[in-house]
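Here's the structure we're looking at; comments come further down.
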Amino acid sequence: MRPFTYAKPSQTSDASKSLKQSNSAIIAGGTNLLDLMKLDVNQPAHLIDINKIAELSQIKNNKGGLLVGALVKNSDLAHNKQVLENFPMLSQAILSGASAQVRNMASTAGNLLQRTRCYYFRNSTMPCNKRDPGSGCPAIDGYNRIHAILGTSDSCIATNPSDMAVALMALDAVIHIEGSGAKRSVPITKFYVLPGAHPEKETVLKDGEIITAVEIPQLAAAKHSRYLKIRDRKSFAFALVSVACALDVKNGVIKEARLALGGVGTIPWRCTEAEKILVGKPAKKETFKLAAEAAVKSAVTHKHNKFKVELCKRTIVKALSALENLA
Amino acid sequence: MSTKPQGGNSVVGKPIDRVDGKLKVTGQAKYSADISLPNMAYAAVVQSTISAGKITAIDTAEAEKVAGVLAVLTHQNAPRLKKSDNDQNNVPILQDNIIRFAGQNIAVVVADTFEIATHAADLVKVTYAPSKSPNTNPDPLSNTLFEQMQKSPGQSRGDFVAGMKNAAVKIEATYTTPTETHNPMEPFATVAHWEGDKLTVYETTQGVFPSKKSISEMAGIPANNITVITHFLGGGFGCKLSVWSHAIMAVLAAKQVKRPVKLVLKRTQMYGPVGFRPKTFQQITLGATKQGKLTAMKHLSVNETSLFRQFTEYCTEPTNVMYACPNVTTAIKQAAINIGSPTWMRAPGDAPGSFALESAMDELAYALGIDPIELRVKNFADKDPESGKPWSSNSLLECYKVGAQRFGWAKRSPAIKSMKRGKMQVGLGVAAATHPTYRSEAGAIASISSDGTATIKSGTQDIGTGTYTIMAQVAADILGLPINKIKVELGDTRFPQTPLSGGSQTAASVGSAVTAAAKKLLDALFDLAIGDEKSPLQKSEKKDLEFRNGVLTKKGSKSSEKIGDLLKRNNMPKLEVTAKSTPPKDDKYAKRSFGVQFAEVEVEPDLGRVHVTRMLGAYAAGKILNEKTARSQMLGGMIWGMGMTLFEETLMDHKLGRIVNNDFAEYHIPVHADMPSFDVIFIPEEDPHVNPVGAKGVGELAINGAAAAIANAIYHATGKRLRHIPITLDQLF
């Protein structure tokens, strides 16, 4: 860990200003950043602690949906009554991640911005295009069982590790951003950037911009939603595959469908094509299988992660079937 | 004198709480990394990032510039050390520029604080000339070695070829187990403190005495000048049986900066340079009659090793001793590659070896159409098949019987894929387990003071298994004192010599020494009373004397005397004796503990996820000194076995020649949510031959066979025979 300065402003605008110093980083829960600093992966010279900014810690009702402050702890969001009733998959997704202790510290915005668990990224003495642009990607020809099959490029095949973001993807959440005295909002589906030739760029956030809140719009189908995470052990492990899904079924026919994947994409992965296949069709296993095929159609596999394609399809079918109580 | 406890209030065997439990849960137990000395400096190591080649330049200027940095030691400026035969595990420590594996410690930075040392270590710039052909993959080499072994196998009893001719059914299969890292919760830590030419080392070790010897030879310091202390150990599992390079670096650094130095390895620094279980490749051939009698067995094994230590993982050990088969051939070879040195890891040889053997026995049972327990019972060895000696005790048959009954084996339908629970495929598996009972010479001091408190001192370290507690129990029984009147001090080379804590031998070795010391103390106490003219017990017959709760009494008389009165009158603040217990040289008996592992799994047919739902172990391990700590040992072993079956694997990137999953997030061990329901049964054994305390080793027994029991259960559930661990879901859907 390298020496750094530390500031704790009480206004978002002050934090945004401080963030313009070169090589500065926001710290909220610190559950990811501190790890990466200890590993010498992140080397910020200035830490801006935003925990004193009270307005960022609230959950507000918002037009039938929710406005979740950037600092709301993962535990508080997961156990929020509205979330449990109206967006169960969001609660399930959060609770499937990390451990209770980590969730008690981790923030909403921090969860959205957590870095990949790719082995090569997390070892500061190995090449990695995401950490050290142009140094190469050893994962492509290396050990890649945990790596992505969707949205990969010749530069990077690292997965996005967030569970929460997968549910928010399916829910069409909107990210509220503040910086340089201006405010803007970006749909989460446009927030993450595919690695392409620049895996170091992960989101559309610009220098000095801070996430202030996450808006979760009202969605009838979300009451009937589920998050299913498949991993190598039962807890405290990142997803091999995860599925966030919601269905609005009337008289056996799917009126609205939401489907997003985790553990398989370089970004939290929304399956729009698969959703189109589901809508208007009977809520049956056959339909779900068609949707699953569509979801992984563009998959590109590597030596050790070929199994993820089949596992992904089966997990999608299982999650949707469970939602409809189908065997 | 009888070995039976005086007064019949035995605490040996009772499930009493750990005597050090409160210290541990309240944070008062001082582990090596908790030691803080005045004016102490901190050290951090720099590790190589290539697996083979040379250091062409090592630039320490930037690191040395950081305020608070006291010294940076590299091969360029470290004191020259003599090559030590004792040190097979390490490459020369800071002596040359050659890199033999990734993670080799190549520099140590010493600074005023831990943070400064860690930061400065990141600033050391190393330039390498990497070797053109580093090899970290043992797979191709193993094939060549197997061909060699097939041509000229090694150790044999009987005639394997003839035995196979008599076989009606044959099984031939190859099993593989991965590289595994010990990952004790407590990281390696060394605090080195020089006072003149005397050195005290607070070390994370499973053997203070072997450490003293190693440090002496590796660092060139007279052994008499060294004290090694380990009051508590947060797990070792074999990797802390050796002194590794970082400890010597701490010793050298402390000498250099003339201050005490603390060096604690980071978790990521413990993958490679401080030992691991080597990857193994095992070929097993079994032949049996139609009735299920083994006619021949062959077990060939290859394990990876480093280029500088020919470490043998004795996977063939269980095959040599488990079954009554007249014709057995076993052989082992090593594939040497650019990795750190492997070392013993909890149930070395037996854990990976029993996975292969007990899986093969299951395959044989299916091939014969015989129940897997029945097959094992048919081949029970009623004496040691290797030496021909009788067992000191062997309750394996009882383990099968009692274990099967409690597990509900009779309700198992034998056919594969025949049992379901809802949508889950259910499978039940079994495997036999054995572990050698080791015992080494050990010493102990026993003393009693006038307030009636006894103290036991012995060099041995409590590695977390409960040694403080069971030694107090053993002493309490012999001295007729309640356990809270016994103080136990361990983990210090100034106390009597004891062996390392490995091979589950501590209870037997040190227990025997404490038994001897406590008896000798009692003897000395009686002598004192008999010879004391003023004692009411003077001139008594020794056999008539008893000592209970601090009072000496004479059978059939009302004469008695308090310990305090006797000692005070003789101007003795305490009475102290030292004793040693030595195992017999030529043993008439073969000594092993035995057990049977049962596992039940549920497998999700669509996703291949394995849920271990039940594990039961029936174990026969001599006298159980403390049912609670022994049960914890067995649970730990079973969990370790489950983790080995489903999760544990150190992943090597052969292109980079480096381990990639070097943390707890990606090196998986079981978490609470993975735990099945556990059942531990101890079959009572009175074994007068095994050793004076009557105990056999328990710790590692519960690992052996566990992986096979689970893999066999998975086969029963799914019909898929998986011969490689860890078994992950992608192998099952």
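The values are calculated or read from the model by the stated rules, or taken from the named source; none is laboratory data. All values derive from a computational prediction rather than experimental measurement. Please note: Cβ atoms are built from the backbone with ideal geometry, for glycine as well, and neighbour counts cover all protein chains shown. In case anyone asks, the SASA skips ligands and DNA or RNA and just uses the protein heavy atoms, side chains included. Shrake-Rupley method; radii C 1.70, N 1.55, O 1.52, S 1.80 Å.
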Would you confirm, using the coordinates I've provided, whether B:L73 is more than 25 Å from B:V660 (Cα to Cα), away from every other protein chain (no Cβ under 14 Å) and open to solvent by less than 10 Å² (accessible area, probe 1.4 Å)?
yes
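If I go through segment B:290-313 residue by residue, how many of them are not aromatic (F, W, Y) and not in a strand (DSSP E or B)?
Going through segment B:290-313 one residue at a time, the tally reaches 10.
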For the subset of segment B:601-621 comprising residues that are part of a strand (DSSP E or B) and out of contact with any Phe, Trp or Tyr (no Cβ under 8 Å at 6 or more places or on another chain), which member is nearest to the other protein chains (Cβ to nearest Cβ)?
B:H611
A:R314, sole failed condition from (1) more than 13 Å from every other protein chain (Cβ to nearest Cβ); (2) open to solvent by 40 Å² or more (accessible area, probe 1.4 Å); (3) in a helix (DSSP H, G or I); (4) of a type outside the set (D, E):
(1)
Restricting attention to segment B:638-652, which residues are more than 7 Å from chain A (Cβ to nearest Cβ) and part of a loop (DSSP other than H, G, I, E, B)?
B:E648, B:E649, B:T650
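Here is a yes/no grid of residues against (1) assigned to a strand (DSSP E or B); (2) out of contact with any strand residue (DSSP E or B) (no Cβ under 9 Å at 6 or more places or on another chain); (3) over 30 Å from B:C325 (Cβ atoms):
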{"residue": "B:S156", "(1), (2), (3)": "yes, no, no"}
{"residue": "B:A192", "(1), (2), (3)": "yes, no, yes"}
{"residue": "B:S214", "(1), (2), (3)": "no, yes, yes"}
{"residue": "B:V228", "(1), (2), (3)": "yes, no, yes"}
{"residue": "B:L233", "(1), (2), (3)": "no, yes, yes"}
Please specify each residue of segment B:422-465 satisfying the condition of being more than 21 Å from B:V690 (Cα to Cα), assigned by TED's automatic domain parsing to the domain that holds B:E561 and crowded, with 20+ Cβ neighbours inside 10 Å.
B:I445, B:A446, B:I448, B:A454, B:I456, B:K457, B:S458, B:G459, B:Q461, B:D462, B:I463, B:G464
Just to be sure, is B:H672 over 21 Å from the mean Cα position of the chain (by Cα) and at the interface with another protein chain (Cβ under 10 Å from one of its Cβ atoms)?
yes
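Listed here are the residues, each with its yes/no results for (1) more than 14 Å from chain A (Cβ to nearest Cβ); (2) over 21 Å from A:P3 (Cβ atoms); (3) open to solvent by less than 30 Å² (accessible area, probe 1.4 Å).
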position: B:P79; (1), (2), (3): yes, yes, no
position: B:V91; (1), (2), (3): yes, yes, yes
position: B:I98; (1), (2), (3): yes, yes, no
position: B:Q104; (1), (2), (3): no, yes, yes
position: B:E115; (1), (2), (3): no, no, no
Report, ordered by the first and then the second residue, all pairs with beta carbons closer than 6 Å, sequence separation of six or more or different chains, a first member in segment B:259-278 that is free of Cβ contacts under 8 Å to residues at least 24 places away in the same chain, and a second member that is open to solvent by less than 30 Å² (accessible area, probe 1.4 Å) and part of a helix (DSSP H, G or I).
none
Could you grab the pairs with beta carbons closer than 8 Å, sequence gap of 6+ or different chains, first residue in segment A:85-96 and among the hydroxyl-bearing types (S, T, Y), second one in a helix (DSSP H, G or I)?
A:S91/A:L77; A:S91/A:A78; A:S91/A:V83; A:S91/A:L84
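Condition check ((1) of a type in the set (G, A, S); (2) at pLDDT 95 or above; (3) open to solvent by less than 30 Å² (accessible area, probe 1.4 Å); (4) more than 16 Å from A:V264 (Cα to Cα)) across all residues:
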site	(1), (2), (3), (4)
A:T152	no, yes, no, no
A:A173	yes, yes, yes, yes
A:G181	yes, no, no, yes
A:V186	no, yes, yes, yes
A:Y192	no, yes, yes, no
A:A197	yes, yes, no, yes
A:E215	no, yes, no, yes
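A quick yes/no check of all residues on (1) open to solvent by less than 10 Å² (accessible area, probe 1.4 Å); (2) of a type in the set (S, T, N, Q); (3) part of a helix (DSSP H, G or I):
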residue: A:Y6; (1), (2), (3): no, no, no
residue: A:Q21; (1), (2), (3): no, yes, no
residue: A:I26; (1), (2), (3): no, no, no
residue: A:T31; (1), (2), (3): no, yes, no
residue: A:L36; (1), (2), (3): yes, no, yes
residue: A:K52; (1), (2), (3): no, no, no
residue: A:L56; (1), (2), (3): yes, no, yes
For segment B:710-733, give me each residue that is of a type in the set (F, W, Y) and away from chain A (no Cβ under 13 Å).
B:Y715
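Quick check on my filter: what residues within segment A:99-127 are assigned to a helix (DSSP H, G or I), surrounded by fewer than 20 Cβ atoms within 10 Å (Cβ to Cβ) and in contact (Cβ under 8 Å) with a residue 60 or more places away in the chain? Spell out the reasoning first.
So in segment A:99-127, the residues assigned to a helix (DSSP H, G or I) come out as A:100-105, A:108-112, A:119-122.
Subset that is surrounded by fewer than 20 Cβ atoms within 10 Å (Cβ to Cβ): A:100-102, A:104-105.
Hits for segment A:99-127 are A:V102, A:M105.
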Going by the structure shown, is A:C156 within 14 Å of another protein chain (Cβ to nearest Cβ) and buried (at least 24 other Cβ atoms within 10 Å of the Cβ)?
no
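Considering B:V680, B:V690, which residue is touching a residue at least 40 places away in the same chain (Cβ under 8 Å), away from chain A (no Cβ under 14 Å), open to solvent by 10 Å² or more (accessible area, probe 1.4 Å) and not in a helix (DSSP H, G or I)?
Result: B:V680 is the single residue among B:V680, B:V690 that is touching a residue at least 40 places away in the same chain (Cβ under 8 Å), away from chain A (no Cβ under 14 Å), open to solvent by 10 Å² or more (accessible area, probe 1.4 Å) and not in a helix (DSSP H, G or I).
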Where B:K655 falls short, out of the listed (1) in contact (Cβ under 8 Å) with a residue 60 or more places away in the chain; (2) among the basic types (K, R); (3) within 14 Å of chain A (Cβ to nearest Cβ)
(1)
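Okay, residues lined up against (1) over 15 Å from the mean Cα position of the chain (by Cα); (2) aromatic (F, W, Y):
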residue	(1), (2)
B:D197	yes, no
B:I226	yes, no
B:T230	yes, no
B:K240	no, no
B:W244	yes, yes
B:M249	yes, no
Just checking, how many residues over segment A:279-308 are within 14 Å of chain B (Cβ to nearest Cβ) and surrounded by fewer than 21 Cβ atoms within 10 Å (Cβ to Cβ)?
8
